[in-house]
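Novice: This structure is in structure tokens; I'll ask about it shortly.
The values are calculated or read from the model by the stated rules, or taken from the named source; none is laboratory data. It should be emphasised that the depicted structure is a prediction, and the values quoted were computed from it without experimental measurement. Cβ placement follows ideal geometry from the backbone for every residue including glycine, while neighbour counts extend to all protein chains displayed.
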Amino acid sequence: MYLVDCMLKNKILHVSKFYPPYKGGIEDVCCSIVNSLDSFSHKVICFNSMRKNHTSLDENGVEVIRIGAMSNCLSQPISFDFFFTLRKVMKTYNPDIVHLHVPNPFSSLMVLFILKKNMKLIVHWHSDIIEQKCSYWFFRPFERLLLKRADRVFVTSPNYREHSLPLADFYDKTVVIPNGISASKMKTPSDLEEKVSQIKSKYGQKKIVFFMGRHVSYKGLNLLIESEPYIKEDCVILIAGNGPLTAKLKTMSKSDRIIFIGEIKDEEIHSYMTAASVLAFPSVAKNEAFGIVLAEAMFNRTPPVTFSIKGSGVNWVNVKDETGLEVKNGDVEAFGHAIDRILSDEALHQRLGENARQRIVQNFTMEKVKTLINDEYNRLLENK
């Protein structure tokens with residue numbers, strides 16, 4: 001019955017760098033789209049975090065093809081098998097729309113060379129390529145060809161749409177599609193109160209400042225650590241996640257208030273965010289294009305403190321002085337004082353938290369976002 005149903009639906013092929021259970025913001029967005037728009041047939045092709053190829057069905061019966069990478073260069077998996085597999089999938093699945101999630105240079109080149117003329121192309125622009133400046137010089141002409149070929153370009157915020165240089169000449173085909181929180185992450189666990197109580201007890205009932213994300217340079221964790229002396233309120237700073245900078249950051253941290261708790265399970269995220277009094281979100285660069293973690297915390301009424309990042313959607317998701325606090329980029333003293341201000345002012349905490357919740361519910365749930373994507377899919381198919 002599932003196969004017959006899929007044959008009657010328009011087909012969407014998603015091309016992503018990785019896909020859950022691999023953890024990442026782009027991967028979560030891709031998965032949320034696949035699982036939400038059930039009026040279409042979906043297939044996913046991506047890289048595997050291991051060297052071997054693997055194909056499986058997810059819990060909703062969607063085929064996920066994972067290609068093992070031969071090597072990894074500048075955060076980009078490389079595999080010539082990806083080309084041959086993608087070409088085969090294009091022929092056998094024959095998608096109506098190819099939904100390409102970028103940045104993903106190698107896969108973008110493969111799509112550009114293989115895509116058939118009758119297939120519609122959506123380039124989902126999660127972020128500019130910022131750090132890999134030398135390799136980007138080589139890739140930039142192909143990126144421009146890709147954007148010319150694209151029928152639609154999705155950007156995650158109006159801020160990014162206005163300030164992205166690569167997109168400047170393609171404004172007319174660019175549509176703002178914000179990231180959305182999936183229904184599973186919005187669901188309140190039945191034992192939430194008990195888990196929150198356990199977390200607070202573990203840290204001596206002190207107020208919690210919470211960070212969650214990869215430990216990479218643009219996340220600004222070093223600045224959060226440097227801001228700690230300016231936080232006067234009695235609290236603990238919990239740093240979840242890990243990454244290439246974890247060891248260096250642990251060495252840098254001299255305060256017993258800063259605690260590295262490692263990766264936390266998906267089912268624990270809701271509890272930690274609810275237990276926290278403040279979300280510390282110290283990202284400093286446009287690599288942080290939107291902030292799924294930011295939106296999830298705001299949904300849980302946890303007010304954030306962010307830096308101003310020109311061209312990033314972070315300062316669109318979090319509205320300064322309305323849903324959270326925002327300070328000058330890189331100003332660690334102001335960042336610490338802003339955290340302290342929320343911790344010490346319960347009325348401010350309540351107001352920001354309620355406003356944050358309402359902003360997410362009104363704008364950034366997957367129910368809202370899937371309607372926008374559904375409409376764009378159908379517009380493209382009408383013109384096919």
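Novice: Name the single residue, out of those in the range 230-246 being part of a strand (DSSP E or B) and not small (Gly, Ala, Ser), that is farthest from residue 208 (Cα to Cα).
Specialist: In this case the residue turns out to be 239.
Novice: If you don't mind, another one. Within the range 114-165, can you find the residues that are in a loop (DSSP other than H, G, I, E, B) and either over 24 Å from residue 372 (Cα atoms) or in contact with a Cys (Cβ under 8 Å, 6 or more places away or on another chain) (or both)?
Specialist: Answer for the range 114-165, where residues must be in a loop (DSSP other than H, G, I, E, B) and either over 24 Å from residue 372 (Cα atoms) or in contact with a Cys (Cβ under 8 Å, 6 or more places away or on another chain) (or both): 115, 116, 117, 129, 130, 131, 132, 165.
Novice: Just one of 283, 312, 271 is assigned to a helix (DSSP H, G or I), under 25 Å from residue 182 (Cβ atoms) and of a type outside the set (A, V, I, L, M); which is it?
Specialist: 271
Novice: Can you name the number of the only condition in (1) over 30 Å from residue 60 (Cβ atoms); (2) in contact (Cβ under 8 Å) with a residue 60 or more places away in the chain that residue 257 fails?
Specialist: The single condition residue 257 does not satisfy is (2).
Novice: Which residue is modelled with the lowest pLDDT, if the candidates are limited to the range 43-75 and must be over 15 Å from residue 22 (Cβ atoms) and out of contact with any strand residue (DSSP E or B) (no Cβ under 7 Å at 6 or more places or on another chain)?
Specialist: Among residues in the range 43-75 that are over 15 Å from residue 22 (Cβ atoms) and out of contact with any strand residue (DSSP E or B) (no Cβ under 7 Å at 6 or more places or on another chain), the one modelled with the lowest pLDDT is 74.
Novice: Follow-up. Mind counting the residues in the range 356-383 that are among the aromatic types (Phe, Trp, Tyr) and farther than 15 Å from residue 37 by Cα?
Specialist: Total satisfying the criteria: 1.
This table checks each residue for (1) among the charged types (D, E, K, R); (2) within 22 Å of residue 49 (Cα to Cα); (3) outside the structural domain of residue 176 (by TED's automatic domain parsing).
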{"residue": "82", "(1), (2), (3)": "no, yes, no"}
{"residue": "85", "(1), (2), (3)": "no, yes, no"}
{"residue": "92", "(1), (2), (3)": "no, no, no"}
{"residue": "126", "(1), (2), (3)": "no, yes, no"}
{"residue": "149", "(1), (2), (3)": "yes, no, no"}
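Novice: Condition (residue is without any contact (Cβ under 8 Å) to a residue 40 or more places away in the chain and more than 21 Å from the chain's Cα centre (by Cα)) applied to the range 175-184: is it met by at least one residue?
Specialist: Checking the range 175-184: not a single residue is without any contact (Cβ under 8 Å) to a residue 40 or more places away in the chain and more than 21 Å from the chain's Cα centre (by Cα).
Novice: Let me ask another. Which condition from (1) assigned by TED's automatic domain parsing to the domain that holds residue 369; (2) touching a residue at least 60 places away in the same chain (Cβ under 8 Å) is the one that residue 192 breaks?
Specialist: Result: residue 192 fails condition (1) only.
Novice: Against the condition assigned by TED's automatic domain parsing to the domain that holds residue 42 and touching a helix residue (DSSP H, G or I) at 6+ places or on another chain (Cβ under 7 Å), how does residue 328 come out, does it pass?
Specialist: No.
Novice: Would you kindly identify the strands (runs of 3 or more DSSP E) lying entirely within the range 42-100 that contain at least 2 residues that are in contact with a Ser or Thr (Cβ under 9 Å, 6 or more places away or on another chain)?
Specialist: Per the criteria, 63-68, 71-73, 76-78.
Novice: Looking only at the range 337-376, how many residues end up being of a type in the set (Lys, Arg) and in contact (Cβ under 8 Å) with a residue 24 or more places away in the chain?
Specialist: Looking only at that region, the number is 4.
Novice: Please specify each residue of the range 24-66 satisfying the condition of being among the hydroxyl-bearing types (Ser, Thr, Tyr) and surrounded by 16 or more Cβ atoms within 10 Å (Cβ to Cβ).
Specialist: Hits for the range 24-66 are 32, 36, 41.
Novice: In the set 306, 302, which member is in contact with a Gly (Cβ under 7 Å, 6 or more places away or on another chain) and in a strand (DSSP E or B)?
Specialist: Step by step, each of 306, 302 is checked, and only 306 is in contact with a Gly (Cβ under 7 Å, 6 or more places away or on another chain) and in a strand (DSSP E or B).
Novice: With 289, 276, 285 as the choices, which residue is touching a Ser or Thr at 6+ places or on another chain (Cβ under 6 Å), farther than 24 Å from residue 348 by Cβ and among the aliphatic types (A, V, I, L, M)?
Specialist: Among 289, 276, 285, only 289 is touching a Ser or Thr at 6+ places or on another chain (Cβ under 6 Å), farther than 24 Å from residue 348 by Cβ and among the aliphatic types (A, V, I, L, M).
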